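What follows is one structure encoded as structure tokens, with my remarks underneath.
What follows is calculated from the coordinates using simple rules that are stated; it is not laboratory data. These numbers come from a predicted model, not from an experiment. When we count neighbours, we look across all protein chains shown, and the Cβ atoms used for this are built from the backbone with ideal geometry, even at glycine.
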Amino acid sequence: MIARIIPALRMPRDVSYDYRIPATCPIPSVGALVRIRVHGRTATGLVVETFETSLVPAARLKDIDGVFADGAPLLTQEAINLLPRLALHYRVPLPLLLRNLLPNLPARKASASTIVGVSAKQAGAEGVFSVVQMRSLFDAAAVRALFEPMIARGPLLILAPTKQHALWLTETCADFEPVSYDGSAAVSAGASAWAALLDGQHRLLIATRSGVLAPLPPEGSLVLFAEEDASYQQFDAEPKYDSRVIARARCRAEQRPLLALAEAPSVAMVAYADTRHFIAPEEAPMLVSLADERRAGFRGVFSDTAMSEMQEALEEKRDVLVCVNRKGTALALRCGACFQTISCPTCGQPLRVFGRMLSCTRCGTETSVPDHCPACASPQLRGRGLTIETATQTLRTLFPEASLSAPATPETLRQAKASSILLGTEMLIHSLRAGVEERSLGAIIVPSVEQLFGIGYRDSEEGYATLRALQAIAERHRCALVLQTYDPTHPVLAALTTDPTGWYDQLMEERRTFRYPPTHLWIRLTVPENETEEAVREQLCTRIPPFATVDEVEKNVYSLKFENASELIPEAFATLPASWHWQVNPRT
């Protein structure tokens, strides 16, 4: 018997290999995982086909080293059919995508005692996408109450955005005897976790983003915990995949239920949801109008209201949480004479100040701080915008005897004394959230709300997610949340005081009007310099939907926008020249 196998390796192109199945080895099913040798390396492989003979000469055929879980299928046929589309979507070879999404197999054969396996979608089954807004994600009793009936109905796969979230979930759901793993775990941890769920030993698997393809029987469900967290997307390596997109695509293909739990659900998840449940916050935040404060002569960083709440918290021996979402010495350097901001010569982004250096946070360009304005030669250069360093200096001056943790890290959170000031960026509500929840908080301060809102189409959504998480922390700890803002009537702030359904509907209408995700698929396409605009447009017009817009944003770089209900790039993109590269829904 012969098995056609796709290796889970970093390879430059799509490849599959034929391997001989030894007589002593169980015959793996389509969708099974095996251990193979490829170019001298040991790798996990996915079986996509089995047959009697191969066109490859027998002398060149290699044997499979081992079969995982006695050859039971871990991926459904629907998931296998989906994989090439996902590789096309993220513009990476399929072996590289599998390298990120499949576990490494242990050196010894892994077998499961009673194989349940996975099968194709059940006839008549429906995949229902649900969004539930939680008052607090870290309310252990509420989380267990949600999961208990789901686990009773069938096995449950819970994806968490970070290792810290996964650890908290594992401890919270200990009564359900969960098995868990993350991408940094031991080599065999992922394979053991998959096997435990596969053979019925456990009914709950908690994993980080790389576990999105873990095996589930037809009655199994998938949960995205803290769905709004950006850590579901891999930013630091190829492929830059988003587990939320893959989870939605998988559940569509397998007609499997998907539940998104979030304090501030993403607009994309709300758009694709069949059912959605929003809540009105228990308490509205304290809004401080910086415009009124400035007219009254205030020129500091923290208003009297913020100072009073911080002082009261410290006197009660409770912590103060201060969220400033920018690092550096200043957000920009502006001339006091001509009011010109020093910008990046490469991309035009305002250069951020880091000590005596200017740095572009978009393209990485660096230069030293000039002595005079490049535009008018004036020496009146001043930093603008609140940063971690500025806030740190201010807090040390205002509260010289208080313990200050700036910027907050997992280590400093563990070492911080009671009655400390915890200063940090959005990391306080992402990877540091579990540690923050363990503290005794007396006040939460956001000294500059406007810095949470940029000019990108996602920034108000992400700003709402940050503020909503801080509000959830404040409600759990029964402490004050003080938001300093120049615009107390901003729609995001209004959404913090009432049911946010109307705000989400407004965002959806704006996205539809301006042709942005999730109502439209937005693609940034880069072609070789020798390609003319006429040739590019001609090729695109024959391959992409006729209702797409094609705009050249710079030389040989094009922006494509079109409606796409499937959320994935059209399969016709596979026919474009191999030298063309794209990025789906880019940040800039």
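Annotated for the chain: lysine pairs at least 8 residues apart or interchain, Cα distance under 25 Å, count 9. Taking every DSSP helix (H) stretch of at least 4 residues in the chain, weighting each as -39,500 (n - 2.57) and dividing the sum by the residue count yields a mean residue ellipticity at 222 nm of -8000 deg cm²/dmol.
Label separation (Met1 vs Ala58): 1.9 nm, computed from points 7 Å beyond Cα along the C-beta direction. Here region 142-177 and region 413-482 have alpha carbon centers that stand 24 Å from each other. Stretched out straight at 0.36 nm per residue, the stretch from Glu538 to Val553 would grow longer than its current Cα-Cα span by 3.7 nm. May I ask you to derive the FRET efficiency for Asp499 and Gln583 from their Cβ-Cβ distance with R0 = 45 Å, giving the value to the nearest 0.05? In this case the efficiency is close to 0.80. For region 245-352, averaging the sequence separation of C-alpha pairs within contact (under 8 Å, six or more residues apart) and dividing by the residue count gives a relative contact order of 11 percent. Packing here is the average count of other Cβ atoms within 10 Å per residue, and on that basis the peptides 134-140, 319-325, 197-203, highest first, run 319-325, 197-203, 134-140. Applying both filters, DSSP loop and at most 14 other Cβ atoms within 10 Å, to the chymotrypsin sites (Phe, Trp or Tyr not before Pro) of region 217-263 gives Phe235. How would you classify region 129-277 from its alpha-carbon gyration tensor, with a ≥ b ≥ c the square roots of the eigenvalues: rounded for a/c under 1.5, else prolate if a/b is greater than b/c, otherwise oblate? Rounded, since a/c falls under 1.5. Placing pseudo-labels 7 Å out from each Cα toward the beta carbon at Phe235 and Phe176 gives an inter-label distance of 2.9 nm.
Protection proxy ranking for 433-440, 396-403, 90-97, 512-519, using the average of other Cβ atoms within 10 Å per residue and placing the highest first: 90-97, 433-440, 512-519, 396-403. With only Cα atoms counted, the chain has Rg and Dmax values of 26.5, 87 Å. Mean sequence separation of contacting Cα pairs (under 8 Å, at least six apart), scaled by the length of the chain, corresponds to a relative contact order of 13 percent. Region 40-75 and region 241-281 have Cα centres lying 35 Å from one another. The order of the peptides 529-538, 242-251 by mean Cβ neighbours within 10 Å, most packed first, is 242-251, 529-538. Can you give me the span-like helices of the chain, meaning DSSP H runs with 18 Å or more of Cα extent along the axis and Kyte-Doolittle mean at or above -1.0? Span-like helices here: 77-89, 140-153, 459-477. In region 2-101, Cα pairs under 8 Å separated by at least six residues give a relative contact order of 39 percent.
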